[in-house]
Amino acid sequence: MRNPGRPLSRATVSRKRAVLWSFYTFAWRSGVVRHDLAAARPRPVPARDGELLSRGERRLLRQGAARLAAEGRSAEAVAVALLDATGAPVSALAGLTVQDLRSVTGGEPAVVTVHDGRGDLVAFPVPPLARPLLRALADARTAGEPLLRQAGGHPVDVRWLGQALTDAALAGGVPRERAELLEPHMLRATTVTELMRDQAS
């Protein structure tokens, strides 16, 4: 704990619980663990739905990210996929390096470690779409070099990722008016909230 003796806020507890449950679910689906923790499922945390993406929009966003990858826009596709899967801050995605990837089988990255908004290191399963793309990016980077970069070599930022979200949404079929409103913080909030709702249902 960063401040021993000081109680964690409800938001911090919910966020860390969501991360742990996501990783446990990944391990259970992979056959690494076999016991059922259904009784320990976290309760959902209320969220403002106006700030969230619907399940349908997220499905279209993922399809759009796959289309960006097919067009050779690997960095944008990986960034959108990781933001959708982890809810990590943009600064954490911008700081990813080869050392943050872990392979389990087949040589493709299966786990990525990122720093959350408070600087804590957390691990997430890598979504299938991003695995071969991350491997290709990692092969083209030296140790310590950022995995994600803009076309001109500049670091990724909120504006760049916001545009990547809009492009992926449009490519997936999200109406333009909605696609142009998408911001990284909306997908971050959606990722945690939907995970909590899924585990409570």
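Remarks
- Some residue of the stretch 151-163 being modelled with pLDDT of 85 or more, among the small types (Gly, Ala, Ser) and in contact with an Asp or Glu (Cβ under 8 Å, 6 or more places away or on another chain): yes
- Of all residue pairs spaced 6 or more apart or on separate chains, those with beta-carbon atoms under 6 Å, a first member in the stretch 95-120 that is acidic (Asp, Glu) and at pLDDT 70 or above and a second member that is assigned to a strand (DSSP E or B) and surrounded by fewer than 17 Cβ atoms within 10 Å (Cβ to Cβ) are 100/113.
- Taking the conditions (1) modelled with pLDDT under 90; (2) open to solvent by 30 Å² or more (accessible area, probe 1.4 Å); (3) of a type outside the set (D, E, K, R) in turn, residue 190 satisfies each one other than (2).
- Pair list, Cβ under 8 Å, 6 or more apart: the stretch 175-201 residue more than 14 Å from residue 164 (Cα to Cα), other residue open to solvent by 60 Å² or more (accessible area, probe 1.4 Å) and at pLDDT 75 or above: 194/55
- Against the conditions (1) in contact with a helix residue (DSSP H, G or I) (Cβ under 6 Å, 6 or more places away or on another chain); (2) open to solvent by 60 Å² or more (accessible area, probe 1.4 Å); (3) small (Gly, Ala, Ser), residue 171 satisfies every one except (2).
- Qualifying residue in the stretch 34-49 (condition: assigned to a helix (DSSP H, G or I), closer than 20 Å to residue 123 by Cβ, at pLDDT below 95 and within 16 Å of the chain's Cα centre (by Cα)): no
- Looking only at the stretch 137-150, residues that are in contact (Cβ under 8 Å) with a residue 12 or more places away in the chain, closer than 17 Å to residue 72 by Cβ and open to solvent by 60 Å² or more (accessible area, probe 1.4 Å) come to 1 in all.
- Given (1) modelled with pLDDT of 85 or more; (2) open to solvent by 40 Å² or more (accessible area, probe 1.4 Å), number of the condition residue 90 does not satisfy: (2)
The values are calculated or read from the model by the stated rules, or taken from the named source; none is laboratory data. Keep in mind that what you see is a predicted model, and the values were worked out from it rather than measured. With ideal geometry, Cβ positions are generated from the backbone for all residues, glycine too; neighbour counts draw on all protein chains shown. What goes into the accessible areas is simple: the full protein's heavy atoms, side chains included, and nothing from ligands, DNA or RNA. Shrake-Rupley method; radii C 1.70, N 1.55, O 1.52, S 1.80 Å.
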